[in-house]
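The values are calculated or read from the model by the stated rules, or taken from the named source; none is laboratory data. Note that this is a predicted model, so its numbers are computed, not measured. Note that each Cβ is placed from the backbone with ideal geometry, even for glycine, and that neighbours are counted across all protein chains shown.
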Amino acid sequence: MEKADQRQHSKILAILFIFYGGAHLLAVSFVWLIFLVLAAEAYLQLADLKRLGLTGVSLLLALPPLLSAYSLLRRRWWAKGVVISTCLVIFMISSVVLIQVSRPRLSMNRVIFVILYGGASTALCLYGIWFARRKGGSGSNQAIYS
């Protein structure tokens, strides 16, 4: 019974990671589309490292959740480490995003964004870390898969 429960949590967490990573991948694709159109119209130089770096860093929020989802769905032995590192990356980058959104002042739209985005990111991080730190069925230290 414990293994079936663990598999169910694994599937739920993988689906949440797919939604989270997919939403960020969609946002990054939209930003890249805007950058490429502006560069094609000569309004923007792609050599501007600050803009490219910002977009490259935003890929950090899209790729680790998708890798974690893959490792959970395929039941890889390295899933525990990937899930924990993904949760830490999500927590750190979303904290930076929320700090940047709060400047110069918080409007009502920004407050709603901070509550929704911050709450979703924190909930996903806590659920992922809880799942990865769970003990296996027979008292072993094995958290996800052997």
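Values computed for the structure shown
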{"read-out": "Answer residue from segment 1-44, given it is outside any helix (DSSP H, G or I) and more than 29 Å from Trp78 (Cβ to Cβ) and is nearest to the chain's Cα centre (by Cα) among those", "value": "Leu44"}
{"read-out": "Qualifying residue in segment 35-49 (condition: out of contact with any Gly (no Cβ under 8 Å at 6 or more places or on another chain), among the hydrophobic types (A, V, I, L, M, F, W, C) and at positive phi)", "value": "yes"}
{"read-out": "Hits in segment 89-115 - residues which are surrounded by fewer than 14 Cβ atoms within 10 Å (Cβ to Cβ) and closer than 20 Å to Leu60 by Cα", "value": "Met92, Ser95, Val96, Ile99, Gln100"}
{"read-out": "Where Trp77 falls short, out of the listed (1) in contact (Cβ under 8 Å) with a residue 40 or more places away in the chain; (2) part of a helix (DSSP H, G or I)", "value": "(2)"}
{"read-out": "Pick from segment 25-35, criterion surrounded by 13 or more Cβ atoms within 10 Å (Cβ to Cβ) and either at pLDDT below 90 or basic (Lys, Arg) (or both), ranking: farthest from Ser58 (Cα to Cα)", "value": "Phe35"}
{"read-out": "Answer from Leu98, Leu124 - the residue that is in contact with a helix residue (DSSP H, G or I) (Cβ under 7 Å, 6 or more places away or on another chain), assigned to a helix (DSSP H, G or I) and in contact (Cβ under 8 Å) with a residue 40 or more places away in the chain", "value": "Leu124"}
